[in-house]
Amino acid sequence: MRQELVQSPHGSQRPGQRRGSTASSIHSIGGSLDAGVNSSEAVFESGQNAISTLLQPPIVRTGLLPHTAPPASSAHRPPTARDIPPVALTNIPHVEASEFTPYLSQVGALYEQLRRIQLDEDQGTNTAYRRGTKPDEYPEALDDAHLRPGRRPGLSSRRTSTASLNSLSSIDTTPTTRRSSSRQRRGQAQGPPPLSTIPAVYFDEDFHLENPRTFDVVSERSEVIRPTPGSNEKGSSSNGQAAAPRKALATNAILQEKLSWYMDTVEMHLIQSISTASTTFFTALGSLRELHSEAADSVERIKALRKELEALDEEIATGGLNLVQQRRKRESVKQLQDAVLQLKEIVDRVAVCESLIDAGQVEESLDCIDTVENLMAGEAPSTSQMAIQLRDLRGATALQGVSTDLATLRLRIGKSYEAKFLDILLTDLKTHVEQVSPQEVLMRWSNASARTRGAHSREPSALPAYMTGTKAIRAELLSSLVGLQRAKYLTAAATAYREAALREIRTIIRKQMPSSNEDDNESLMSTSTRTGGKQRSQQERSIILARNLRALDPQDAEQLLTNMYIGVSEALRRLSTQAKVLLDVASSIGESGVPSGARSPLQSPPFSPSARQASGAAQEAQEEIHLAVDIANLLGQAVDVAHEKIVKVLRVRSEQSKRLDLVWFLRYFTLNLHFANECEAISGRSGTTLKTVVNGHIKDFIQYHGDAENQKLAQGMESDQWNAADFSDKDTEVLGQLLESSTRDAAAWAEASQIWVPHPDTQKSGEEIDPLTTQANGTSKAKTRSAVVESESFLLPNSAISCMHGMARFLHLMAAIPSMTSEISASLIAFLQLFNSRCTQLILGAGATRSAGLKNITTKHLALASQALAFIAAIIPHVREFVRRHCGSVTAAPGVMGEFDKVRRAFQEHQNNIYDKLVEIMSGRALAGTKKLKAVNWDQPSSGAANEYMETLVKETTTLHRNLTKHLPEDTVRMIMMPVFKNYKDTFGAAYQGLELKSEQARERMLQDVEYFKARLGKIDGLEDAGDHLVSVIKKMTAPPPPPMPEAAPQLPSTTETTNQTEEGKKSAEDKPAESEAREGTAAQTDKKVEGGDASKA
């Protein structure tokens, strides 16, 4: 059987109270006698939780069966000594008490907290017991004539809840030993058992014994009819085990005893409650009777009082009320009269306001309107002496039309002030645009652009023009703003100002356009005749305007764009200034002590916020202006409108823009760049459309400029006579710019960006003088100056000077547009490659004989071509460094630098080809000399200092050395002459060895020729041992023995033959230069195919 545990006030535990022989039965029906115990709380802080207790079998609820006698069907068998294994005893180690200190320190706090909670609950239990013993609380147990058991909360509430348990105070203080039945009866004699011992089913509101479930609980599942002995329906439970036997209802004496005990308990509680409440009940009943008698007396007195009040009402109250009503009626009539007079005054003043507006007195009309509104609101005007009482009539039906009339009058006044307001601002805007200095604006743009690039520019001390001259309009703006605010038209006026500003931007652009008529010089008669006829359509006018725009020359086009850009930008700047002035003037609204125009926004610093506190009207006006104008958005829209119009103009002139001269185009680019930067600084918008169009023009111009420079160079080189040209001071200046470009840009290149300076009128087209058109063709006898690059002088033809000027123009373009360095560098490289290839075709390929009319290509032409190539190759490293400085892209720079290196190597290879060509020409001359050498009759006596072949060879070699020395450096001359003399040594040495020496006289003639060779060419650097080698070769030749002398005298040559030989020698001497030139031309033409292949390869 399960024992319920009850906590004593002192924390001890005791078993629950039972009623002797019926305890188990009562527990089987309703649980424990203490119904307040919660069955879900099975384990508490401490209790009978031993292992032997837990092993006890469950209580059989159908009868009293001891736990030691389980049912026959149960398979449970108590353990015996054999079933329990022996326990090996071990020595218990001694543990010091100090080792439990950490555990006790942790658990101690929790245990003390538990003790405090238990003490608090015990105190609450005692308090509840003392409250439960009061006699006036027993009636609370009655509800709808039903007895209710105590509450059934958990263990903690059982100690403090029901009055029945409180009555067992003597039991709560007993020890925890099991009580005998006699002891319990003595305890019950002290008071009735608690209602909680009765099962809760009896107290249910829906208790009906005919309900099978209720009956089953009340009868404790007793059987009404015994089952037949053979039936096994209830013999086993659902799990296959034998169920406990059920008792018969007719023979269940314990059940009958319990029912009797329940009734006795209820009866005892009823008797106790009635006895307790009887005294209070009769006392209350007596009090109720006294109260009833007093109420009846009060009713009688109230009836008498009412009769007296009715009499007083008839005599005094009714008369006084009539008097009050009459007085109120009189007041109402007086108020109506005042309202009518007030209404009449309002109507009259509205008419006065309208007449003032018609007369143009807007300020007086505003005062009148304010007076009318005050009258409508019931406020007396300061100048009026009205003796009536005013009231608020704004909700009156009669004044609904007046409010509309006042709104209309305010609208008319607002329109008037708006016209004045717009006239002040637009006039100021137009005046500023017309009077501003273009040079000042352009210089300001240039300084701002220089600051963005990191350059230092001196700022002007004075304020810019768009920030000055605002003092004159402040007084006018103040009166207009005050009137607009009073007319409640400030927002509409600010919106109108915004729209008018956008229209003005369009007008500024349209005013600068050329005429859209067919001819600006049309006669008045034709104009009047056309006026009467059909007007041109919009498309026709657009076509005419586009044609007139394309017809503008560069100067007129630049002036058109300059005026347009300056007008738009200055208008935008002035708009921003006006917006600041408007906000500053609006802050003065509502001030009485500040005279008009006393405050200027252009103090130091300009437009600084005032230290004074703006009035409410001023703040409201500033807010309206700020929201309506929205200057940031206005400037952005104005910039978009201006860019839209300007882009159309630029697209119409796209073809003309890309064909401009270099200086004109750089001025065009700079002007557009400054304007785009100015618009971005004003509005914060990048102007992508305008920049895209201008960038397209830049790319087209770079392509066109490269093609034009290539064409100019090719035409100039084809017409060049390849004579040494004078390197003028202008050429020296350009060369200096190229040489210093490796470290810094030339100052002259920045002049094209100074668009405030008029374009130079030199040559009336701004083009430089082409050196190819001013060449002297070799007829001038003035001293020819040479170019100097790093202490090395170059005597140059006009083609090289023209190429130098072309390179300078390319660098000028790069310096002005650094962002396009890669594209311009590609054009420059193509330009240099063209110079190299054309030089190859004209000189090595003998193309100049056809294009320039040269008879042949001489060594002088080859030397000048070599100098030209060396000169350009010397400049290329400086150009390469310039490009590297301006090439912003790190990835593109190495590729461009490599291309310049390739071009320079190509120039050097071309030089080597020219040097080889010179050696090859002289080798051909040497071969021609050997042929003549073999035809000489060496046995005949010599008629001169040397034979003809040697004289020709010496003369040609001297001429070559003279031309090379004039045009080439000494080292280069020596480098060319050494292989020439080596070829002489090998060629003539082999020729001499191949001769048959017939006599010593022939040896002497040969030695005479070699000595002449050494004497004439011995001073030339590079000869070395060529003469000595030839002497040794001749001396080593063996001669046959001399034949016997004939007896007959030798026959002398005839006079005629000698004379002819002499004349032929003279003629040969005279024609040697021409023959040499002819041979050079023949050799050049002979090697034309090979050289042409070299040129195409280059």
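Under 10 Å from the Cβ of Ile413, count the other residues' Cβ atoms, weight Lys and Arg +1, Asp and Glu -1, and hand me the total. So the environment of Ile413 carries a net charge of +3.
Taken as Cα centroids, segment 617-661 and segment 386-444 sit 26 Å apart, rounded to the nearest whole angstrom. Any chance you could run the full-extension gain for Asp700 through Lys783? It's 0.36 nm times the residue separation minus the Cα-Cα distance, nm to one decimal. Value of the extension gain: 25.6 nm. Each label point was placed 7 Å from the Cα along the Cα-to-Cβ direction; for Glu364 and Met975 their separation is 10.4 nm.
Taking amide H as placed 1.01 Å from N in the peptide plane, Val789 has its amide H under 5 Å from the amide H of Phe794, each at least 5 places away in sequence or on another chain.
Taking 0.36 nm per intervening residue step and subtracting the Cα-Cα distance, what contour gain separates Ala398 from Glu792 on full extension?
On the way: separation 394, 0.36 × 394 = 141.84 nm, distance 10.80 nm.
Fully extending the segment from Ala398 to Glu792 adds 131.0 nm.
Here the simple spin-label model places points 7 Å from the Cα toward Cβ, and for Asn374 and Ser719 these points are separated by 9.3 nm. Could you tell me which of the pairs Lys691/Lys712; Lys931/Lys1035; Lys855/Lys1014; Lys783/Lys1014 are separated by over 28 angstrom between their Cα atoms in the structure shown? Check vs 28 Å cut-off fails for Lys691/Lys712; Lys855/Lys1014; Lys783/Lys1014. Spacing of the modelled spin labels on Val757 and Leu426, each 7 Å from Cα toward Cβ, amounts to 4.2 nm.
For segment 341-438, rounded, prolate or oblate, judged on the Cα gyration tensor with a ≥ b ≥ c (square roots of eigenvalues), a/c < 1.5 rounded, else prolate if a/b > b/c? List each step's numbers first, then the result.
On the way: a/c = 3.64, a/b = 3.04, b/c = 1.20.
Since a/c reaches 1.5 and a/b is larger than b/c, the shape of segment 341-438 is classed as prolate.
Label reach from Gln538 (point 7 Å along Cα→C-beta): in segment 638-674, no amide nitrogen lies under 12 Å.
Surface calculation, 1.4 Å probe, protein heavy atoms: Glu440 sits at approximately 80 Å² accessible. Ligands, DNA and RNA excluded, the heavy atoms of Asp556 present near 80 Å² of accessible surface to a 1.4 Å solvent probe.
Take the Cβ-Cβ distance between Met513 and Gln435 as r, set R0 to 25 Å, and report the resulting FRET efficiency rounded to the nearest 0.05. Don't jump to the answer; show the numbers that get you there.
Values: r = 21 Å, r/R0 = 0.86.
Once rounded, the FRET efficiency stands at 0.70.
Per-residue surface analysis assigns Glu680 an accessible area of about 70 Å², computed on protein heavy atoms at 1.4 Å probe radius. Where in segment 664-683 is the amide nitrogen less than 17 Å from a point lying 7 Å along the Cα-to-Cβ axis of Ala632? What the label zone holds, given the 17 Å backbone N cut-off, is 680-683.
Once fully extended, how much extra length lies between Gln326 and Glu996, figured as 0.36 nm per residue of separation less the alpha-carbon to alpha-carbon distance?
On the way: separation 670, 0.36 × 670 = 241.20 nm, distance 17.48 nm.
Difference between extended and current length: 223.7 nm.
Among the listed pairs Lys934/Lys1036; Lys860/Lys932; Lys730/Lys917, give every one whose C-alpha distance is greater than 23 Å. From Lys934/Lys1036; Lys860/Lys932; Lys730/Lys917, over 23 Å: Lys860/Lys932; Lys730/Lys917. His878: net charge of surrounding residues, Cβ under 12 Å, Lys/Arg +1, Asp/Glu -1, itself excluded? Neighbourhood net charge equals +2. On the basis of the beta-carbon distance and an R0 of 35 Å, Thr214 and Thr280 show a calculated FRET efficiency of 0.45.
The values are calculated or read from the model by the stated rules, or taken from the named source; none is laboratory data. This is a predicted model, so every value here is computed, not measured. Using ideal geometry, Cβ is built from the backbone for each residue, glycine included, and neighbour counts are taken over all protein chains shown. Surface areas here come from the heavy atoms of the whole protein model, side chains and all, with no ligands, DNA or RNA. Shrake-Rupley method; radii C 1.70, N 1.55, O 1.52, S 1.80 Å.
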